[in-house]
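Below is one structure, written out as structure tokens, with a few remarks after it.
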Amino acid sequence: MLYSLVLAPIICGLMAYVVNRKIATVLLLVFQFLFGLYTFYVFFTVNSSGALLWNAGGYPDGIALSLYADPISSVMVLFTAVFYFAFLVYAIRQTYFKPLFYFMFMVLEGLMMGLFLSSDLFNIFVFLEVSTVVVSILIMINKEKQAIYDGMIYFFVNVIGTAFLLFGIAMIYRTFGMLDIRMIQEAMSQIEDPKSIILPYAFMMTTVSLKTAVTPLFSWLPKAHGTPSAPPVVSAILSGLYIKSGVYLFIRFSNMYASAIDMHEFFFWIGFITSTVGFVMALGQHDIKLILAYHTVSQVGLIMMGLNMASEIAFWGAVYHIFNHAIFKSTLFLTAGLIYDEYDTRDVYQIRGLFKRMPLVAIATALAMLGITGAPFFNGSISKYMIAHGTYDYSTTILLNIVNLGTTMSFIKYATMLFGKNPKEGRAKIDIFALSASLFMGVASLITGIFGERLSEFLFNFEVHVNPEEYIQKGIVYVLMIIAGIGFYNGIIKHGGILTRIGHLELTFNATITAMVGYFILLVAYLNFLY
């Protein structure tokens, strides 16, 4: 059953590739709708009957290539399928919606399903390598010079980075004689000296850190997600869904090594540094896609903080934030594409009057911004509440507030597009399909906040009870942050200066590879110090 989740999108993409566009459009939409229903079935089956397992060829568990669906992976599969339907609706009337695009688009869905479900380390390596090729093609799909450059940088950085994973897998296989994550996790408890697995851990976590785009390994992400000519729906997939595969692998690999190696504190600080660097870089950008791309870095940093706070509610808050971030960041990239099509610029300081020119696009954008900044009743407020509730000391609360303030300041700048004078008379004509998909995603930011407590229990079987008094306090803090953000924007941010200069800093290809090697050495050194 589980193998169909990987193969079906690829087969559908191949079928759509060989028929004409009208038939392909109907085929893709019908398939994705039914596929989404099937992922609901898998999700409910896992929730009611426990984890699902499929072993290739009927070989014994631990030897066979396995696909494994548990409560976390089934949720990842579910929201990937649902969001993919919205992305297809957005793209069907766009000029880039051509056979090569939707073939690669559907292949990427199948590969992501494989990453979320695979229980075999070598399978994960293969899925990562192939998805790297597919993502590179999607970035370069319009064949413009900058897109080709960004796509090739993405390709080479990630191919080299994934080689670290292969080295780690080889060392794990030499040590345990198996590749199944679940079996290795059981065997890991027999390790008496953690030093014996420091190298494979460092190799594997270097790849995972690259895929999650943590500091200092994030420089490839703005190039890939913020490529000027890349279709908005590709940027939405990369920031909303694909980047989460790295976070998901971090959870899986951390659990695999948990009985032998504990690096929670290290990755908590890596998360905070990543989040801070992300919003500082975003504050220095003028390009709306780059603002959003750097905020993907920042939000991934926040997720890493929550995952590594050694608190159950913070962990599930971070997992819920993976889901929430997919909603509001996808919305922002989709609406950014519509805004660029109408204004013919991505400069945040030149775009004004969205509420007058494109009112429904402005509403979708505003809903997503309220979500990402953690406004009361929106999804970000629930996941951030859960993360903050897992703090055990005041200093951690301060760190989280710094991250939230940085996010608020950035989106105060982004929100200036909504107001001001309409540069053209009347309202813009917008493709109804793209607009509907954007509005659906934007409204979801509100719905998943209003029903956040129930959704947490429904999706993750984790009960969270929001204390009304604490939630009101969080709301007051949010209002104060909005006021502070407006003050910072008027006093510092809109004048540019040092923030703009910082925003234009980026690592070259050679520097990125050097940073990767340096990060690996840092992991090895820290682990040797720790153990």
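The values are calculated or read from the model by the stated rules, or taken from the named source; none is laboratory data. The model shown is predicted, which means the values in this text are computed figures rather than measured ones. Reconstructed Cβ throughout: ideal geometry from the backbone, glycine too, with neighbour counts over all protein chains shown. Accessible surface is based on the protein model in full, side chains and every heavy atom, while ligands, DNA and RNA are left aside. Shrake-Rupley method; radii C 1.70, N 1.55, O 1.52, S 1.80 Å.
Some values worked out for this structure:
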quantity	calculated
Residue list for the stretch 39-62, restricted to those being on the phi < 0 side of the Ramachandran plot, part of a loop (DSSP other than H, G, I, E, B) and surrounded by 15 or more Cβ atoms within 10 Å (Cβ to Cβ)	none
Single residue of SER239, SER259 found to be in contact (Cβ under 8 Å) with a residue 12 or more places away in the chain, farther than 21 Å from MET76 by Cβ, small (Gly, Ala, Ser) and in contact with a helix residue (DSSP H, G or I) (Cβ under 7 Å, 6 or more places away or on another chain)	SER259
Residue check for ILE513: open to solvent by 30 Å² or more (accessible area, probe 1.4 Å), of a type in the set (A, V, I, L, M) and closer than 24 Å to VAL159 by Cα	yes
Test result for PHE31, assigned to a helix (DSSP H, G or I), hydrophobic (A, V, I, L, M, F, W, C), touching a Ser or Thr at 6+ places or on another chain (Cβ under 7 Å) and without any contact (Cβ under 8 Å) to a residue 40 or more places away in the chain	no
Selection within the stretch 286-307 - of a type outside the set (Phe, Trp, Tyr) and open to solvent by 10 Å² or more (accessible area, probe 1.4 Å)	HIS286, ASP287, LYS289, LEU290, LEU307
Residue, farthest from VAL77 (Cα to Cα), within the stretch 130-152, restricted to residues that are buried (at least 21 other Cβ atoms within 10 Å of the Cβ) and of a type in the set (Ser, Thr, Tyr)	SER136
Filter pass, MET113 being of a type in the set (A, V, I, L, M, F, W, C) and within 15 Å of the chain's Cα centre (by Cα)	yes
Answer from THR408, THR365 - the residue that is under 24 Å from ILE493 (Cα atoms), modelled with pLDDT of 95 or more, assigned to a helix (DSSP H, G or I) and open to solvent by less than 10 Å² (accessible area, probe 1.4 Å)	THR365
Single residue of SER229, SER219 found to be surrounded by fewer than 23 Cβ atoms within 10 Å (Cβ to Cβ), of a type in the set (Ser, Thr, Tyr), in contact with a Leu (Cβ under 7 Å, 6 or more places away or on another chain) and over 22 Å from ALA388 (Cα atoms)	SER219
Residue tally, condition open to solvent by 60 Å² or more (accessible area, probe 1.4 Å), under 20 Å from GLY306 (Cβ atoms) and either of a type outside the set (D, E, K, R) or under 20 Å from the mean Cα position of the chain (by Cα) (or both), over the stretch 259-285	3
Number of positions in the stretch 121-156 that are of a type in the set (S, T, N, Q) and modelled with pLDDT of 90 or more	4
Only listed residue being in contact with a Leu (Cβ under 7 Å, 6 or more places away or on another chain) and open to solvent by 10 Å² or more (accessible area, probe 1.4 Å), chosen from PHE155, PHE127	PHE127
All helices (runs of 4 or more DSSP H) inside the stretch 444-531 with 2 or more residues being over 27 Å from the mean Cα position of the chain (by Cα) and either polar (S, T, N, Q) or at negative phi (or both)	468-491, 509-530
Tally, over the stretch 93-104, of residues that are surrounded by fewer than 19 Cβ atoms within 10 Å (Cβ to Cβ) and in contact (Cβ under 8 Å) with a residue 12 or more places away in the chain	6
Any hit, the stretch 337-352, residues being assigned to a helix (DSSP H, G or I), polar (S, T, N, Q) and open to solvent by less than 60 Å² (accessible area, probe 1.4 Å)	no
